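Structure first, then comments.
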């Protein structure tokens, strides 16, 4: 059955790689006019959106990778839950483009809500996939129960943390985006490290 | 010869992964104006088309994957029939875009016919590929004849079920799309499960 | 050294899969107006160009695959010659789009020349790659010299056959495209079969 | 731990393959008018930009490949540094498109600066990745220290060489692009060969 997850991983890698590369297509080339320099500078929202989304998809890939070092078996439900997660990954370039085009315009609040809201839903999909895999007994026989529990713990924070981003939209949109970017870094850290820090902090 | 199908699977995985990710490019970002929220809502046909097509390609991938757990040998005819199927997969983003742009306009009937018609043809290609592989003796030596027969049976329904979608266009277009989506779920289920249910139903 | 060609093949598979899938992006969705049906029909040049290019890239992939069942070793020159071939593969969507947009317009001759000319150059790249690999001793130790010689023979026809397509542009453009499509089928056939037929024909 | 870098390589291969293939999307098809031939010729900046960027990404892939024949272990920092490098790879189609559209217009200086500047930053990312991998002990146990040192040496030239391209923009833009293209060839050569030539030259 290991072969089963091998092909899931290959297909998922492909989707992650394409979604992360398509982001650049959303940055439009300024038309050929006299003042290219200032036109390039005025596109800063596109660059900001590109970098945050790149970090998000890249770090989702790292996490997907981590989960599948534990998940060794597969079934139809896992295939469908993984497709649901990939639906989220494929969706990312769209809110990114909306944010890029509206960040300097009047409707930036709606654009930011669509952006953080998408990440909130993807964080839920990640939890559902992982919870299903652990409870349906799809982890490898030599899987480390403690390590798996730490992942569950780190991921459980995801949806609420993105909810905070959503709330911050009414306070300050740039800050909400900065927090979103910081969350990507948080999820890049291995669960062992995060949980240890949390204990140090509580203890 | 197993290596032969390994590279077919890798190439096909790539095509599936790209086609499913390109779907998002068909959703256009509303121009920067004052009322972004309602403009995003008005794009519902794009979202509907995106989700149905995503489900269709994703579940075609699951099925392709299942077929190739049985198919172990390859020859030139199989390569060409597989290319024909991939031609169908690559084509999907186009009727999806047509549907998305015309679902709320006057010509939704033609758009829906093109959409269901494309799926009808792809369902035929799937049957041709599978029938060829089984009759040309390309299955693995340890292939389960009963399991293969169940797949043949489930797939044989495909074309007629998509014909029903085509017929439903003259009755009610949203219902035809709902049935199309339900068919994706039907083909996501393993053949063993479907055939068992069918027997329970008949018996 | 086998691992070396494994990664070349994986990278090349990716490029082939993406180039073949991008072709669909060149077919533009007709704007939302009253007569969608006839607008879709008027796009026939796009469909023709899509199918021919799909066949060409798909069958190039089959051939690339065949070559690398013989090529087992790699070096910097092979990497660069392979990149040159992939440059040709990546280029294909562009002459396809030019052909699609100009086949029903006044400048179809130039569009057809660009199209066949691109294939002519790619056929040369294919020969250069294969000739280099055979003469630089990069084939596997158990490579069949007779089989390799047959491939060399079939490929040697490539450039001249596409030159014929170029010549046919001045006679009849649809016929030149039909011949181009027939050539794809010719190169899909295994070299053994082609050379045997040639002998039967001569003998 | 080898499996760890296997999946990094597969994901990176995907990103390289997509970025290199997306380049063609930046070449726009001339509208259907009477003089297609001269319109195609007038697009020479797009062809120049396409070929240089293709060479750059292709040869970055060759180099990434070379590095990972030495790197056998992975950790979170390496994953993030590799993502940073891929960010650079994904970015390339954008300065390429800017260059293509502005090379024959008035603002070619800014476009050329953006282009060379992007390559300068990517060259730094390459050095950071490699220096980290060597100093954090991620090379394979049987890694050749001398070969690794030669790579370090060749790469150390990268940023300064692209700085020269930046400087050349004020002298002559076509020459700066020619030098950029020549650098791709320089980095295609194996480090052993480059360092040997350097010694011959000095000695």
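The values are calculated or read from the model by the stated rules, or taken from the named source; none is laboratory data. On a predicted model such as this, the values are computed, not experimentally measured, just so you know. When we count neighbours, we look across all protein chains shown, and the Cβ atoms used for this are built from the backbone with ideal geometry, even at glycine.
Details
- Residues in the stretch C:97-109 that are in contact with a helix residue (DSSP H, G or I) (Cβ under 6 Å, 6 or more places away or on another chain) and over 15 Å from residue D:23 (Cα atoms) were compared, and the one that is surrounded by the most Cβ atoms within 10 Å (Cβ to Cβ) is C:99.
- Flag if residue A:56 is over 24 Å from residue D:94 (Cα atoms) and in contact with a helix residue (DSSP H, G or I) (Cβ under 6 Å, 6 or more places away or on another chain): no
- The residues in the stretch A:15-34 that are within 17 Å of residue D:112 (Cα to Cα) and either part of a helix (DSSP H, G or I) or out of contact with any helix residue (DSSP H, G or I) (no Cβ under 9 Å at 6 or more places or on another chain) (or both) can be counted, and the count is 1.
- Against the criterion of being within 8 Å of another protein chain (Cβ to nearest Cβ) and out of contact with any strand residue (DSSP E or B) (no Cβ under 7 Å at 6 or more places or on another chain), residue B:62 qualifies.
- Flag for residue B:88 being at the interface with chain A (Cβ under 10 Å from one of its Cβ atoms) and modelled with pLDDT of 90 or more: no
Residues are listed down the side, and each one gets a yes or a no for (1) crowded, with 24+ Cβ neighbours inside 10 Å; (2) under 17 Å from the mean Cα position of the chain (by Cα); (3) within 11 Å of chain A (Cβ to nearest Cβ):
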position	(1), (2), (3)
D:7	no, no, yes
D:16	yes, yes, yes
D:21	yes, yes, yes
D:26	no, no, yes
D:29	no, no, no
D:38	no, no, no
D:44	no, no, no
D:47	no, no, no
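- So residue C:82, is it more than 10 Å from every other protein chain (Cβ to nearest Cβ) and within 17 Å of the chain's Cα centre (by Cα): no
- Members of the stretch A:65-96 that are in contact with a strand residue (DSSP E or B) (Cβ under 7 Å, 6 or more places away or on another chain) and in a helix (DSSP H, G or I): A:70
- In the stretch B:139-151, the residues that are surrounded by 14 or more Cβ atoms within 10 Å (Cβ to Cβ) and within 23 Å of the chain's Cα centre (by Cα): B:139, B:147, B:148, B:150, B:151
- Residue match in the stretch B:153-174 (condition: surrounded by 13 or more Cβ atoms within 10 Å (Cβ to Cβ), within 14 Å of chain A (Cβ to nearest Cβ) and more than 17 Å from residue B:57 (Cβ to Cβ)): yes
- Scope the stretch C:97-116; condition within 11 Å of chain D (Cβ to nearest Cβ) and closer than 19 Å to residue C:158 by Cβ; matching residues: C:112, C:113, C:114
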